[in-house]
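Below you'll find the structure, written out as structure tokens, and then a few comments.
The values are calculated or read from the model by the stated rules, or taken from the named source; none is laboratory data. Everything quoted here is computed from the prediction, not taken from an experiment. We place every Cβ from the backbone using ideal geometry, glycine too, and count neighbours over all the protein chains shown. Areas reflect the complete protein model, heavy atoms only, side chains present, ligands, DNA and RNA absent. Shrake-Rupley method; radii C 1.70, N 1.55, O 1.52, S 1.80 Å.
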Amino acid sequence: MEEGQELNKWEGYVNWRNKPAMRDQHGGMLAASFVLVVEILENLAFLANASNLVLYLSKFMHYSPSSSANIVTNFMGTAFLLAVLGGFLSDAFFTTYRLYLTSAAIEFMGLLILTVQAHTPSLKSPICASASTEIQCEKVNRRKAAMLFTGLYLVALGVGGIKGSLPPHGAEQFDDTTPQGRKQRSSFFNYYVFSLSCGALIAVTFVVWIEDNKGWQWGFGVATAAILASIPVFLLGSPIYRTKIPAGSPITTMFKVLIAAVCNNCKSKNPSNAVMGMKTSPSSYTTETGEEGNATKVKVPSQTLTEDLEFLNKAVTEKTVSPMLQCTVKQVEEVKVVLKIIPVFMCTIMLNCCLAQLSTFSIQQAATMNTKIGSLKVPPASLPVFPVIFVMLIAPTYNHVVVPFARKVTKTEMGITHLQRIGTGLILSIIAMAVAAVVEMKRKKVAIESGLLNSAEPLPITFLWIALQYLFLGSADLFTLAGMMDFFFTEAPKSMRSLATSLSWVSLSMGYYFSSVLISTVNNITSIFRHTPWLSGSNLNHYHLERFYWLMCILSSLNFLHYLFWANRYKYRTESTAD
């Protein structure tokens, strides 16, 4: 009886009470479904403010347009970068279960502070009654600004913890030692992006309308209520969650292996400092085939170093510089895996740089066009609804039509590999930038022909033309974000999975930052050869935005070639295990 219970345990996993997780009681799609519902509420709370925050800062806190834009950019970038901290803490010290609850409480506190400030006139800047643009309104003072930034960055800290813990918590519910478990996990990441879009749809429509028409205290209030509601929804799944036991700092292991390799390579001339008799193998090591507690563990050679990144093999030696730098074969091979996925991560930054245009130039383009659909006038700030709707339509189609068809054609378990999926997203981003350039050329042609080049009147062209680039970029986001999460989680060592998954959010953050750097660089270079930079001034009709989009298209194409180089060289851990 006891032997049967031992076989029924998930090795390395516990339930919410820190007792061993059982195979017949914990994990599975039902447990992951709670995570998907929670993500809808969490992303609603985050994007409800982020999508319209620039208006609140400029109109009610009286920051300048450029200062407001910088505050929002820094806030968004910080929130996504902090996902790395969330992933690190999940792997090293806390379970994903506890970290989510802690992070949600922190985000709730931040939103509560912002709600109180928006509700209390004495905590905001004085109302500016002047209609003149030349008279500066009184900017928010230091005490009120401190309250504003405390609220904002508590939200950013909470969002970072949630983004770093919630996706891996959902992915941990599946048994990746079985084909069915791996397929379900792939579907989970697909529907995770779908859930992101559901939350975003409510945020950029319903909540933005509330903020514009009922007041920001109500908008912040809805976001606060959403994140508060996510906590009991998450707790409802507690009896069936399984959670990975933290295995200590993965970053410490990485630094130890790298330092040991450098030190031992410097001493390599000494013949006594030979590698510990470990044979190198062209195929990857296989030490934990049953890493998630499969009932029948397969015994495989654990003392085998691979030929990839041979420089690191010297970290395993009989005599080390210090006992603290003594490394195992398993640690060395895990570090190799992480180093091999970093080039793939770097290649996704350019895609996210393209996505950044959706919340900047694309909205400004639409603002110059006819935004009416029949008698309904659509605010440009609600334009993100297009990629959101596209993702919501494409995600189920991809999961239930494209993938099953690909499995039949390729006769493989996944149908479309992770790297093929990421590559598809990169191709779609290239097409999106080409379409954006063509649409901008058409928009400027209409402006010239209608004599409205220097006018603020809406151009006689529908803003639905802009929806084309949203279609391609929304599809690219679905393919790449879900593909990245699945790829990083699957390929990363078990002890580093949360940290690796958080790289998806870091890529998004770096894409936004790179967009700002690219625009500044383009303006600096073009100002040398022209009196006016490509992207300067108050009138978008005088911009050379189409040239910028063509430049983005070229850079994305070069980035795709760079990606192909690394993708063709990459060998999946699952394939290596089969070897």
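In a helix (DSSP H, G or I), in the same structural domain as F479 (by the TED database) and under 14 Å from Y470 (Cβ atoms), is that true of F345? If you could, list the steps in order and put the result at the bottom.
Details: in a helix (DSSP H, G or I): yes; in the same structural domain as F479 (by the TED database): yes; under 14 Å from Y470 (Cβ atoms): no.
The answer is no for F345.
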Original post:
Among the residues of the range 451-480, which ones are surrounded by fewer than 15 Cβ atoms within 10 Å (Cβ to Cβ) and within 18 Å of Y549 (Cβ to Cβ)?
Top reply: none
Original post:
Looking at (1) without any contact (Cβ under 8 Å) to a residue 60 or more places away in the chain; (2) open to solvent by 30 Å² or more (accessible area, probe 1.4 Å), can you tell me which one Y543 breaks?
Top reply: (2)
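A quick yes/no check of all residues on (1) crowded, with 19+ Cβ neighbours inside 10 Å; (2) over 26 Å from A367 (Cβ atoms); (3) not assigned by the TED database to the domain that holds L201:
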site: F386; (1), (2), (3): yes, no, yes
site: P396; (1), (2), (3): no, yes, yes
site: T412; (1), (2), (3): no, yes, yes
site: V438; (1), (2), (3): no, no, yes
site: R443; (1), (2), (3): yes, no, yes
site: E449; (1), (2), (3): no, no, yes
**OP:** Please tell me if L459 is in contact with a His (Cβ under 8 Å, 6 or more places away or on another chain) and not assigned by the TED database to the domain that holds F188.
**Re:** no
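Report yes if K494 is surrounded by fewer than 20 Cβ atoms within 10 Å (Cβ to Cβ) and within 30 Å of F174 (Cβ to Cβ), otherwise no.
Working: surrounded by fewer than 20 Cβ atoms within 10 Å (Cβ to Cβ): yes; within 30 Å of F174 (Cβ to Cβ): yes.
Against the criterion (surrounded by fewer than 20 Cβ atoms within 10 Å (Cβ to Cβ) and within 30 Å of F174 (Cβ to Cβ)), K494 qualifies.
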Original post:
Pick from the range 64-77 the residues that are at pLDDT 75 or above and surrounded by 17 or more Cβ atoms within 10 Å (Cβ to Cβ): which of them is farthest from the chain's Cα centre (by Cα)?
Top reply: I71
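When you scan the range 201-214, do you find a residue that is within 25 Å of I416 (Cα to Cα), in a helix (DSSP H, G or I), among the polar types (S, T, N, Q) and open to solvent by 50 Å² or more (accessible area, probe 1.4 Å), even just one? Before you say what the answer is, go through the steps one by one.
Our first condition is that a residue be within 25 Å of I416 (Cα to Cα); within the range 201-214, this holds for none.
No - not one qualifying residue is present in the range 201-214.
Scan the range 219-234 and tell me whether some residue there is open to solvent by 60 Å² or more (accessible area, probe 1.4 Å) and modelled with pLDDT of 90 or more.
In the first step, residues of the range 219-234 are kept if they are open to solvent by 60 Å² or more (accessible area, probe 1.4 Å); the result is 228, 232.
Next, from what is left, pick out any that are modelled with pLDDT of 90 or more: 228, 232.
Looking through the range 219-234, at least one residue is open to solvent by 60 Å² or more (accessible area, probe 1.4 Å) and modelled with pLDDT of 90 or more.
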